[in-house]
Amino acid sequence: LTLKGPARLGELAGMLGLERTTLTRIAGLLDERGWIADGHTDDGRERLLCVTDTGRSVLGAALPAWQEAQQAASQRLDDGPPRSGEASKRGTATAGRLRESRQFVERALQDFGLMETFESRSPQERARCLQWIASAAGEHDEEERVSRLLDDLSNNRAPATYLASVPAAD
């Protein structure tokens, strides 16, 4: 919305590849936080979403940290040890799955308005959560793990039970 400007809910759902009902839920969360508001349309059946000044401020404050995290994660994935032959192909596939996994988690956090909540956790806890999810990258369990993280964040629960299964980074 910040880049495009005010948009109808249906149009925005199509652009983002989301179901209208999913975007309605997300919009409700963003509206509760004061980051978006409903605009006026000639057709009362359509919902027009607009970014508020508060939403622009939050985005402006979060964007540099998000870009830095993206760059650091990409660098870590790209800096793996050199491989040869078949091991190299497996390594490339694994790096690709991990990158897709990270993007899946980020989209879920953004879609449900939980990025700020996730980023308020300690760097070690965030890293362990992502490692726990990435260990199931590309598998059915990955979606269940992301759902569990979102549920824990939504209900302000500590994800201690599954973090205990992931060793702390040195």
Using a 1.4 angstrom probe, figure out how much accessible area region 13-78 has per residue, in square angstrom, rounded to the nearest whole.
69 Å²
Once both labels are modelled 7 Å past Cα along the beta-carbon direction, what's the Glu119-His40 spacing in nm?
3.4 nm
Ordered by packing density, taken as the mean number of other Cβ atoms within 10 Å over each peptide's residues, highest first, how do 14-27, 107-120, 61-74 rank?
107-120, 14-27, 61-74
With all protein chains present, how much of the accessible area of region 1-78 (probe radius 1.4 Å) comes from carbon and sulfur, to the nearest whole percent?
52 percent
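The values are calculated or read from the model by the stated rules, or taken from the named source; none is laboratory data. Treat the numbers as computed from the prediction; the structure is a model and nothing was measured. Note that we place each Cβ from the backbone using ideal geometry, even for glycine, and neighbour counts take in every protein chain shown. Only protein heavy atoms, including side chains, enter the accessible area calculation; ligands, DNA and RNA are left aside. Shrake-Rupley method; radii C 1.70, N 1.55, O 1.52, S 1.80 Å.
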